[in-house]
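S.K.: What follows is a structure written as structure tokens; I'll ask about it next.
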Amino acid sequence: MENLIFSFNVILPIFSLMLMGTFLRKVKLLDKEFLEKANDFAFKVLLPILLFNNIYKSHISEVINIKFILFAVLINFVIVGILFIIVPKLVKENRDRSIIIQGLYRTNFVLFGVPLSSNIFGTSSLGTVTTLTAIIIPLYNFFAVFILDWYSCDKSDYKKTIVSVIKNPLIIGSCMGIIFSLLNIKIPQFAEKTISDIAATATPIALIILGGDIEIKNLGKNMKLLFQVAVGKLLIVPAIVIISAVMFGFRGVELGALFSMAAPSVSVSSYTMALQYECNSELAGQLVFITTLFSPITIFMFIFVLKSVGLF
């Protein structure tokens with residue numbers, strides 16, 4: 001019973017914020033135009049400040065475990081490599097292949113990583129998870145650009161792509177945090193307090209926006225495919241990451257950070273990029289919706305099992 005209550009306490013705050021966003025849109029306190037602007041604000045301002053703040057306040061030289069970082073990078077390369085072989089054999093349309101590969105590896109790590117880790121292990125875990133975020137988010141972006149371009153008829157300008165990735169606000173916030181932390185650069189107390197206050201609003205606002213963005217559109221025609229990808233994304237891929245991590249000796253905070261990387265729903269950015277590359281954006285949006293809807297349940301199940309066997 002204690003592990004059940006623990007699991008509920010981890011996931012319910014996150015789910016409640018998403019539910020609030022859905023409710024506020026239902027009663028028309030939030031509309032599509034506001035959510036688009038708020039989403040842009042969260043992506044360009046709030047989340048980068050959150051990443052900077054968490055990394056800046058952590059002693060990054062003490063937090064970084066090279067074995068841990070290498071494992072996280074390599075497991076993502078392995079998963080994407082396997083998907084690159086399997087998905088084309090099962091899916092005929094190129095515009096669907098890129099969406100499904102993205103849907104299976106790319107998670108809302110930046111949004112769910114911090115609250116999941118802090119709810120499980122407390123604030124002491126934030127240095128580990130935000131350092132991992134700083135490395136994995138750029139990797140996710142590079143994978144996404146490569147995959148979308150590979151299956152696109154209209155090949156992109158690689159120079160523009162690289163510049164776009166470098167200018168990503170999440171990457172800038174993470175890199176600035178790493179630089180300030182490693183060089184032990186101190187910012188004035190009033191500025192640090194302001195940054196902390198803004199960072200504290202990032203996760204609640206972003207989760208409310210995500211809940212407000214949830215919509216059901218034409219799910220029926222892709223239901224079988226959506227079910228298969230959702231099972232892969234929410235159950236199979238996290239299980240592979242967790243089992244592999246345990247075999248390599250990771251426990252506690254580090255295992256929690258890897259779990260927070262692999263277990264969340266499909267990244268909202270996958271839908272945005274699908275629009276830009278003229279892929280099957282409808283399928284991409286549906287995958288975001290379905291996995292966002294069911295991820296609280298699967299995350300709860302994983303936390304309960306991992307807590308029960310003593311890995312958390």
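The values are calculated or read from the model by the stated rules, or taken from the named source; none is laboratory data. Just so we're clear, the structure is a prediction, and the values are computed from it rather than from any experiment. Glycine gets a Cβ as well: all are built from the backbone with ideal geometry, and neighbour counts include every protein chain shown. Side chains included, ligands, DNA and RNA excluded: accessible areas come from the protein's heavy atoms. Shrake-Rupley method; radii C 1.70, N 1.55, O 1.52, S 1.80 Å.
S.K.: Report whether or not Ala239 is assigned to a helix (DSSP H, G or I) and buried (at least 21 other Cβ atoms within 10 Å of the Cβ).
M.R.: Working: assigned to a helix (DSSP H, G or I): yes; buried (at least 21 other Cβ atoms within 10 Å of the Cβ): no.
So Ala239 fails the test.
S.K.: Of all residues in region 29-46 being more than 15 Å from Val110 (Cβ to Cβ) and of a type in the set (Lys, Arg), which is most open to solvent (accessible area, probe 1.4 Å)?
M.R.: Among those residues, the one meeting the criterion is Lys37.
S.K.: Inspect region 265-278 for any residue being at pLDDT 85 or above and crowded, with 21+ Cβ neighbours inside 10 Å and give the result as yes or no.
M.R.: Here is the first cut: in region 265-278, the residues at pLDDT 85 or above are 265-266.
Restricting the remaining residues to those that are crowded, with 21+ Cβ neighbours inside 10 Å gives 265-266.
Yes.
S.K.: May I ask you to say which residue of Phe294, Phe289, Phe250, Phe300 is surrounded by fewer than 24 Cβ atoms within 10 Å (Cβ to Cβ) and modelled with pLDDT of 90 or more?
M.R.: Phe250
S.K.: If you don't mind, another one. What single numbered condition from (1) assigned to a helix (DSSP H, G or I); (2) open to solvent by 80 Å² or more (accessible area, probe 1.4 Å); (3) at pLDDT 80 or above fails to hold for Gly21?
M.R.: (2)
S.K.: Right, another one. Considering each residue of region 121-141, count those that are of a type outside the set (Ser, Thr, Tyr) and open to solvent by 20 Å² or more (accessible area, probe 1.4 Å), and give that number. Show your work before the answer.
M.R.: Within region 121-141, the subset of a type outside the set (Ser, Thr, Tyr) is 121-122, 126-127, 129, 132, 134-139, 141.
Then keep just the ones that are open to solvent by 20 Å² or more (accessible area, probe 1.4 Å); that gives 121-122, 126, 135, 138-139.
Of the residues in region 121-141, 6 are of a type outside the set (Ser, Thr, Tyr) and open to solvent by 20 Å² or more (accessible area, probe 1.4 Å).
S.K.: Sticking with this one: When you go through Gly113, Gly103 one by one, which is the residue that is small (Gly, Ala, Ser) and either closer than 15 Å to Ala257 by Cβ or free of Cβ contacts under 8 Å to residues at least 12 places away in the same chain (or both)?
M.R.: Gly113
S.K.: Do you know which of the residues in region 188-232 that are modelled with pLDDT of 90 or more and of a type in the set (Val, Ile, Thr) is least open to solvent (accessible area, probe 1.4 Å)?
M.R.: Only one residue tops the list, namely Val229.
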